[in-house]
Amino acid sequence: MQQIKIDLVSDIACPWCAIGYARLQQALSSLPNIKAELEWHAFELNPDKNAPQQPILEALSKKYGRDINEMRAAQDNMITIATELGLNFAKLQQRNTCNTFDGHRLVKWAATQQKADAMKLALFDAYFGHAKNVADQHVLADCAEQAGLDKTEASHILASNQYETEVNDDIAKYQQAGISSVPAFIINNKYLISGAQEPAQLAASLQQIAAEMA
């Protein structure tokens with residue numbers, strides 16, 4: 001059995017990050033000889049906590065300078081891909097932009113309880129599947145409960161400044177490392193795989209890396 005470490009830089013508000021994680025799971029399931037240790041790291045697509053929330057299609061159209069119908073078509077394509085992977089993207093086009101800093105704090109806390117994956121998936125489901133405001137502390141506490149964590153403790157963490165330093169350190173570290181888009185998979189602190197690659201392509205890359213490290 002070969003062991004690899006995967007540091008996954010992602011944002012809760014990034015649909016391709018949810019797709020990338022699901023594809024990673026598929027890739028790893030095809031590699032029984034490789035055991036992966038996964039750690040989530042924070043990235044913010046919308047770092048301004050005070051920015052007004054906007055309908056996602058309108059915001060993307062403005063950000064990329066493309067027609068709103070083009071953005072809708074791109075989102076439709078993501079919905080198809082996500083659905084085939086078993087993800088709930090039903091409200092992908094109904095969501096609003098939002099800051100995800102507090103959500104990242106809960107992922108850091110969840111990691112201390114060995115529930116980071118479940119926390120991240122609950123957040124993805126709330127945002128892409130139900131268009132919930134994942135900047136709202138009540139929504140976030142509900143997500144924690146859904147992930148099998150204590151809702152009251154989650155609320156206490158959200159009302160404090162716990163895990164702020166860890167999230168800020170993540171954001172600064174990976175910005176300084178030159179990562180400007182997500183998902184980004186860093187394997188064994190040495191190899192970078194960018195984007196939500198197809199499972200077969202991802203599996204081939206992981207197998208090659210594992211062989212080189214053996």
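Residue-by-condition table, conditions (1) hydrophobic (A, V, I, L, M, F, W, C); (2) touching a residue at least 12 places away in the same chain (Cβ under 8 Å):
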| position | (1), (2) |
| --- | --- |
| Leu24 | yes, yes |
| Ser30 | no, yes |
| Ala42 | yes, yes |
| Lys49 | no, yes |
| Leu57 | yes, yes |
| Tyr64 | no, no |
| Ile68 | yes, no |
| Met71 | yes, yes |
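Can we say Asn133 is of a type outside the set (Ser, Thr, Tyr), more than 23 Å from Ile193 (Cβ to Cβ) and part of a loop (DSSP other than H, G, I, E, B)?
On the way: of a type outside the set (Ser, Thr, Tyr): yes; more than 23 Å from Ile193 (Cβ to Cβ): yes; part of a loop (DSSP other than H, G, I, E, B): yes.
The answer is yes for Asn133.
Across the range 116-133, what is the total count of residues that are crowded, with 19+ Cβ neighbours inside 10 Å and either aromatic (Phe, Trp, Tyr) or over 21 Å from Thr83 (Cα atoms) (or both)?
So the answer is 4.
Under the condition of being within 17 Å of the chain's Cα centre (by Cα) and open to solvent by 40 Å² or more (accessible area, probe 1.4 Å), which residue from the range 43-52 is nearest to Thr97 (Cα to Cα)?
Step by step, filter the range 43-52, then rank; the result is Asn46.
Please find, among Leu202, Leu206, Leu158, the residue that is touching a helix residue (DSSP H, G or I) at 6+ places or on another chain (Cβ under 8 Å) and closer than 30 Å to Gln94 by Cα.
Leu158 is the lone residue from the list that is touching a helix residue (DSSP H, G or I) at 6+ places or on another chain (Cβ under 8 Å) and closer than 30 Å to Gln94 by Cα.
Which residue pairs have Cβ atoms under 7 Å apart, sit 6 or more places apart or on different chains, and have a first residue in the range 87-107 that is among the small types (Gly, Ala, Ser) and a second that is open to solvent by 10 Å² or more (accessible area, probe 1.4 Å)?
none
Give the residue that is farthest from Ala122 (Cα to Cα), with candidates limited to residues of the range 142-193 that are surrounded by 14 or more Cβ atoms within 10 Å (Cβ to Cβ) and hydroxyl-bearing (Ser, Thr, Tyr).
Going through the qualifying residues, I end up with Tyr191.
Is it the case that the range 156-171 has a residue that's within 16 Å of Ile19 (Cα to Cα), assigned to a helix (DSSP H, G or I), small (Gly, Ala, Ser) and over 19 Å from the mean Cα position of the chain (by Cα)?
The initial filter retains those residues of the range 156-171 that are within 16 Å of Ile19 (Cα to Cα), namely none.
Looking through the range 156-171, none of the residues is within 16 Å of Ile19 (Cα to Cα), assigned to a helix (DSSP H, G or I), small (Gly, Ala, Ser) and over 19 Å from the mean Cα position of the chain (by Cα).
Among the numbered conditions (1) over 30 Å from Lys190 (Cβ atoms); (2) touching a helix residue (DSSP H, G or I) at 6+ places or on another chain (Cβ under 8 Å); (3) not acidic (Asp, Glu), tell me where Leu85 comes up short.
Evaluating Leu85 over (1) over 30 Å from Lys190 (Cβ atoms); (2) touching a helix residue (DSSP H, G or I) at 6+ places or on another chain (Cβ under 8 Å); (3) not acidic (Asp, Glu) leaves (1) as the failure.
Do we find that Gln208 is open to solvent by 80 Å² or more (accessible area, probe 1.4 Å) and outside any strand (DSSP E or B) in this structure?
Working: open to solvent by 80 Å² or more (accessible area, probe 1.4 Å): yes; outside any strand (DSSP E or B): yes.
Yes, satisfied.
When the range 1-42 is examined, which residues are found to be open to solvent by 50 Å² or more (accessible area, probe 1.4 Å) and within 20 Å of Asp125 (Cβ to Cβ)?
Pass one, the range 1-42, residues open to solvent by 50 Å² or more (accessible area, probe 1.4 Å): 1-3, 16, 25-26, 29-30, 32-33, 35, 37, 39.
Listed by number, the residues that qualify are Trp16, Gln25, Gln26.
Would you say Ser160 is modelled with pLDDT of 95 or more, touching a His at 6+ places or on another chain (Cβ under 9 Å) and more than 26 Å from Thr80 (Cβ to Cβ)? First the steps, then the outcome.
Values: modelled with pLDDT of 95 or more: yes; touching a His at 6+ places or on another chain (Cβ under 9 Å): no; more than 26 Å from Thr80 (Cβ to Cβ): yes.
Against the criterion (modelled with pLDDT of 95 or more, touching a His at 6+ places or on another chain (Cβ under 9 Å) and more than 26 Å from Thr80 (Cβ to Cβ)), Ser160 does not qualify.
Which residue is surrounded by the fewest Cβ atoms within 10 Å (Cβ to Cβ), if the candidates are limited to the range 53-87 and must be touching a Ser or Thr at 6+ places or on another chain (Cβ under 7 Å) and under 27 Å from Leu24 (Cα atoms)?
Filtering first and then ranking leaves Met71.
The values are calculated or read from the model by the stated rules, or taken from the named source; none is laboratory data. Computed from a prediction, not measured in an experiment: that's the story for all the values here. All Cβ positions, even for glycine, are placed from backbone atoms using ideal geometry, and neighbour counts span all protein chains on display. Just the protein is used for accessible areas: all its heavy atoms, side chains included, with ligands, DNA and RNA removed. Shrake-Rupley method; radii C 1.70, N 1.55, O 1.52, S 1.80 Å.
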